[in-house]
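As structure tokens, the structure follows; a few thoughts come after it.
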Protein chains: 2
Amino acid sequence: MNVIEISKVLSNKTRVNILKWLKNPEVNFPPHQDIDHFDDGVCVGYIQDKTGLSQSTVSTYLNSMQNADLVIPTRHGKWTYYRRNEAVIQAYVDALKNEL
Amino acid sequence: MNVIEISKVLSNKTRVNILKWLKNPEVNFPPHQDIDHFDDGVCVGYIQDKTGLSQSTVSTYLNSMQNADLVIPTRHGKWTYYRRNEAVIQAYVDALKNEL
DNA sequence: ATAACATATCTATTTTTTTAGATATGTAGA
DNA sequence: TCTACATATCTAAAAAAATAGATATGTTAT
């Protein structure tokens, strides 16, 4: 868990929004076509629509968030689903509380 | 209290270090010449020495931290002392815990 | 008033980040 | 296998951040 790297992710409004949206996928995204739950998160296309940014930009953002271990990807056929990594998010908040 | 702006400050190792050092000034800095306490924080010169960066860079960093309300400056004669703004730091951690 | 000093601001350069178009990869279905 | 589609990666341009030297400002002491 790298505090600097995670803070860098959180220094961008869109990336923070993505993390917040993923907290309540059923409220923030339409249902998926292939499955009827959000257990593995949300596909990239839906996240892209919500941000209004280009596909490559959103993919880059999700990649940086994955590198920081803030999200976990899962393949479902053609789609990649992203969900929050609650353990790392919690560890980050705890680290700030204790060390900062 | 701006989460994005504060996260931007925290995305740099030196700036995080400055905040941490200011938590225990008596441990991390030599005593001041004019006063015998750290109630108003630490003068810029001491912080600069500790970072090893140039005077202008440290001043820029402290300015960005002040803009984010993470530190509070106080003039003492020729010196400007910087101390942590514990209320805002606390509010930031709480906001992350609740909103993130 | 002048000199010395601490800090801030200005200016410029290098590095990093943001962003998107183009292209590549991987998967599912015909 | 060929096509369509979702996502990732490559490439490049523009914007922002990092960094420091030079200069300005404000304060103290002489």
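The values are calculated or read from the model by the stated rules, or taken from the named source; none is laboratory data. Because the structure is a prediction, the values reported are computed rather than measured. Using ideal geometry, Cβ is built from the backbone for each residue, glycine included, and neighbour counts are taken over all protein chains shown. Ligands, DNA and RNA are excluded from the accessible area calculation, which covers all protein heavy atoms including side chains. Shrake-Rupley method; radii C 1.70, N 1.55, O 1.52, S 1.80 Å.
The heavy atoms of B:M65 offer some 0 square angstrom of accessible surface to a 1.4 angstrom probe. When the alpha carbon gyration tensor of the protein assembly as shown is reduced to an equivalent ellipsoid, its three semi-axes come out at 41, 15, 13 angstrom, largest first. Using only alpha-carbon positions in the stretch B:3-99, the gyration tensor eigenvalues give semi-axes of 23, 15, 12 Å once each is multiplied by 5 and square-rooted (largest first).
Each Lys or Arg adds one and each Asp or Glu takes one away; over the other residues whose Cβ falls under 15 Å from the Cβ of A:E26, this sums to +2.
All other residues whose Cβ lies under 10 angstrom from that of A:E99 are scored, Lys and Arg at +1 and Asp and Glu at -1, for a net of +2. Computed about its Cα centre, the charge dipole of the protein assembly as shown is approximately 460 debye, with only Lys, Arg, Asp and Glu carrying charge at their Cβ. Per-residue ellipticity at 222 nm from helix content only, as computed over chain A with -39500 (n - 2.57) for each DSSP H run of at least four residues, stands at -15500 deg cm²/dmol.
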